[in-house]
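Read through the structure below, which is laid out as structure tokens, and then see the notes.
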Amino acid sequence: MGNNRKNKKNRKNGTGGGRGQEEGGSDSEEARILLQLQQKTRALLASLKGVTPDGLAFTTANHPLATLYEDIWDLTDQLMKRQSVVLKRFRQDKDRGDGTSSSSSRDQDHRVGRDNAEVWHNFQRWLQSCQIDPSTQNSPLEIRAGGTGGGYGLFATRDIQYEETILQVPVEAMMSPFWDHCLVPQTASPPKPPPFLQAQTQPQMKPLSLLTYLANERYRGSKSPYASYIETLPQTYNTPLYWSSQVIKRSSLGNHTKRAVMIQTLTMWEYLQMRNLIQEHHANHATDSAEIIPLQEFTYELFRWAAATAHTRQNKIPFFNTVKNNNIDSALGLVPLWDLLNHEDADRACRTEVVFHEEIDVKDGETPSNKKQGVLICKTPSMPLNTNHPSTNKNQEYDKQNPICFSAGEEVTMYYGDRSNAQLLFHSGFVNCQYEPQKYSTQNGVKCQNNECVNLNRNDVATLRLALPPAADDDGLDRVREMIAARFEFTAYVDQSCEHDGVVASTAVSQLKEASVKKNRSDGERDNGAVVMTEISLSPILDEKAFLPSSDLVRSLILIMADKEELTSLLRNMDHYIKPKTGIDNCALLQLGNKHLQLVSRLVQLKNAEYEVRKKEYIDATAASSSLKLREEKQKEMSASKWIENDIAERLSFELLTCDNITLNAWFRSFRSKIENQEAL
């Protein structure tokens, strides 16, 4: 009898396993998986610092880090399946104990999806309650399906001019744990799950506060003031956070592989830490935590969804006097309606800012007081000087007296900022490119893209890595180089028993300098095969800025190509190169000879060769997946593991690789022209 009462008490507080413990210890099995994940994610995160950016260690068969990474995602699959069982039993026991089915359980089990018309009807009414419904606020916008990428977007209900405000969203209508929503009285503020309190003194906890707050509000279902908004959010995302380990290992992410692995592993680590905090909260506040998500409901699947939602939608909102919390002067929040604006890299795309204006707050029997109101304003930009620019409206003849930015019926877009395609993929789940339809070809009955991708991202950057070559038998030159490299904050990557791009770059440099590829060192000496590298972001648009004497590119070329005497002089005068004096002719300082051009040319050739190999791998994989049976097996595998389908991830990774290649070659043409012009002088 005593044990039964104890189990009922645990279930009420959200800490017990209920029937799961009695029928085989589902909680103990979950705990075993969680413990192993804790140990393995900690080990992998500690090892990431020494992994080269291309992450080749994770894609090399039988490499210890590849095995560790695979173990983590095998455990992740096990965890999601186990938590699904535990959650189902927890809800059954809770409903049986309460005598009724809880609203949160019903809401979680019966999410209708954002393609249901009722979802958007409820959202429209919610916007009206928040006083931000476009149809009642004289806004020229309406929500429609068929936006960029096939999702939802905002469309113009009439012609929209330049410099026109199209949308205003008060801060109080946004979603964040750091201020109260306009529909909720302060006395009935939604619960703040951990780590809200910790974030008051630990700024690094602020982003995690939004994640757990969103997860908690989704758990609360219809009780949440944000319920109608949450229903409109996607249930899954195309970001690498939703890519399985197998997709990561065989995709064309190339230089971005390490970043994908790091984000996946860090998200799991953050989930484990937040789970511990919620468990502690329930243990210490058993009587007043009914509205805080129970541990059984706080699954990795829910946390990953909250993380992806925040990463693709969050915006940094500055505080004003009425909501400022302690030392926090800004916080991340979700902005309903505004987050339906899709990205366009164009001069006409809308821009956003948060402004403050004074309002007079008058209460009965009190002296009127001024109140600062924060509002996010979205408006079309100033009319571009070049009205024939391809990014201006193509569907409207230019009229100087009545310039149109967006025509009636056209999708209204927003500029997400100066983000590379890699940033767009990792944070928003897409790559800003398109394929020319007439350039599709067919191989083995499958349509394949043969490098006819058009990169639409005018701010895209490509990555070029340079590495220090071995100095033959001159240890003194090595030491000078490494001291200078340390001042330049270059990174040393240890030998990973695979031919990563640091080794390739170093070998290419050695061949050009006619030095031996490997030095004759005895085991145990200081560098143990380390490769000192620097990673440079290159854009043809920024070519003028890329040639400053303090740029990483110039530093790398000087460090790699200079002899011992020149480097010794450089070491004595580091401040001159790190902080060059004003008024100096920057181009004259470079003194880039033909050998520098040869070096960069060789590295770009290597990158192009790597691209062709990966392109062939992608085309072969696409052709192989044409088998209906194989595709059915893949889809079954994906649905069971709750990852996105393989072909979506592989297509996105190939698009990113193609855009990287296009940008790198465009930059090199600019670089070569600059050097050749300098040589001519």
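The values are calculated or read from the model by the stated rules, or taken from the named source; none is laboratory data. Given the structure is predicted, the values throughout are model-derived calculations rather than measurements. Counting neighbours? That spans all protein chains shown, and the Cβs are built from the backbone with ideal geometry, glycine included. To get the accessible areas, we keep the full protein, side chains included, count just its heavy atoms, and leave off ligands, DNA and RNA. Shrake-Rupley method; radii C 1.70, N 1.55, O 1.52, S 1.80 Å.
Tally Lys/Arg at +1 and Asp/Glu at -1 over every other residue whose Cβ is under 13 Å from the Cβ of ARG158; what's the total?
So the surrounding residues net to -4.
Just by accessible area at a 1.4 angstrom probe, what is the order of LYS94, LYS258 from largest to smallest?
LYS94, LYS258
If each residue of separation counts as 0.36 nm, what is the full-extension length gain between ALA530 and LYS49 once their alpha-carbon separation is subtracted?
Stretched fully, the ALA530-LYS49 segment lengthens by 171.9 nm.
With the Cα gyration tensor of the stretch 132-285 giving a ≥ b ≥ c as the square roots of its eigenvalues, does the rule (a/c under 1.5 for rounded; else a/b larger than b/c for prolate; else oblate) give rounded, prolate or oblate?
Cα axes put the stretch 132-285 in the oblate bin.
Roughly how much of SER537 is accessible, in Å² to the nearest 10, using a 1.4 Å probe?
90
MET262 to GLN92: extension gain in nm, 0.36 nm per residue of separation minus the Cα-Cα distance?
The span from MET262 to GLN92 would gain 57.5 nm if fully extended.
Could you tell me the accessible area of ARG250 in Å² (1.4 Å probe, neighbours in place), rounded to the nearest ten?
Accessible area of ARG250: about 110 Å².
Leaving out ligands, DNA and RNA but keeping every protein chain, what accessible area does GLU353 have, in Å² rounded to the nearest 10, with a 1.4 Å probe?
100
Working with all protein chains in place, sort LEU337, LEU34 by solvent-accessible area computed with a 1.4 Å probe, largest first.
Per-residue accessible area, sorted high to low, gives LEU34, LEU337.
Counting only protein chains, not ligands or nucleic acids, how are ASP563, ASP418, ASP345 ordered by accessible area (probe 1.4 Å), most first? Present the calculation step by step, with values, prior to reporting the outcome.
On the way: ASP563 80, ASP418 115, ASP345 20 Å².
If we order ASP563, ASP418, ASP345 from most to least accessible, we get ASP418, ASP563, ASP345.
At a Förster radius of 22 Å, what calculated FRET efficiency corresponds to the Cβ-Cβ distance of ALA61 and GLN36, to the nearest 0.05?
Details: r = 23 Å, r/R0 = 1.03.
Calculated value: 0.45.
Once you put a point 7 Å from the Cα of ASP563 and another 7 Å from the Cα of ALA286, both along the Cβ direction, what distance in nm separates them?
Inter-label distance under the simple model: 8.0 nm.
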